[in-house]
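The values are calculated or read from the model by the stated rules, or taken from the named source; none is laboratory data. Keep in mind that what you see is a predicted model, and the values were worked out from it rather than measured. Cβ placement follows ideal geometry from the backbone for every residue including glycine, while neighbour counts extend to all protein chains displayed. These accessible areas exclude ligands, DNA and RNA; they are computed on the full protein's heavy atoms, side chains included. Shrake-Rupley method; radii C 1.70, N 1.55, O 1.52, S 1.80 Å.
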Amino acid sequence: VGASEAVFELTLANTRHLRIRAGGVLLDAYDVALHMQDVCDPAAATELACEDDVNASRAEQYLQADVPAGTYYIVVDGSDTADVGPYALQIETGTCGDDEVFTGIEQCDDGNTDDADGCSSTCQCEPLAETEPNDDSATANNADGFCLAADALGTSGYNHWFAITLPQ
């Protein structure tokens, strides 16, 4: 607890991935600390997370997967009483299966939470095994959203086909 602080109320209707950044404008001159609490009153609050790198040249970032639904209080504070100035607060949310990769938590996101399709139910890469027949483009294995394709090279003259469609 240093300089004056700003408190932001954040309400999540569903379990979400969460990334909160405080920084941006001219942070080479001072350092901010970023806190996440369960209630607004500092005397009664339980601190759920704190990010303070104690380095005036970097923005603070808090990143967590699967934050439960509820109301949280985000506190931006100067690390020291001399740490005052402008900052920018950015809050991003996402969830596995929303077809957008949440960098830092998800390795992939194929728009569903199915296992054994190349991207697991927790949006982590999984090998996509070859299934027969796949010896021409008409019977190619669908590898959309895959991270790793698992196969083996074998008999000369026998081709294995995988079809990958990239989004626009």
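Ignoring ligands, DNA and RNA, how do Phe102, Phe8 rank by accessible area with a 1.4 Å probe, largest first? Walk me through the numbers on the way to the answer.
Working: Phe102 20, Phe8 75 Å².
In descending accessible area the options line up as Phe8, Phe102.
How far apart, in nanometres, would the label points at Thr122 and Thr11 be if each is projected 7 angstrom from Cα along the Cα-to-Cβ direction?
Distance between label points: 3.1 nm.
What chymotrypsin sites (Phe, Trp or Tyr not before Pro) in region 31-90 are in a loop by DSSP, with at most 13 other Cβ atoms within 10 Å of the Cβ? Don't jump to the answer; show the numbers that get you there.
Numbers: sites: Tyr62, Tyr72, Tyr73, Tyr87; in loops: Tyr87.
Here no chymotrypsin sites (Phe, Trp or Tyr not before Pro) fit, given the DSSP loop and packing criteria.
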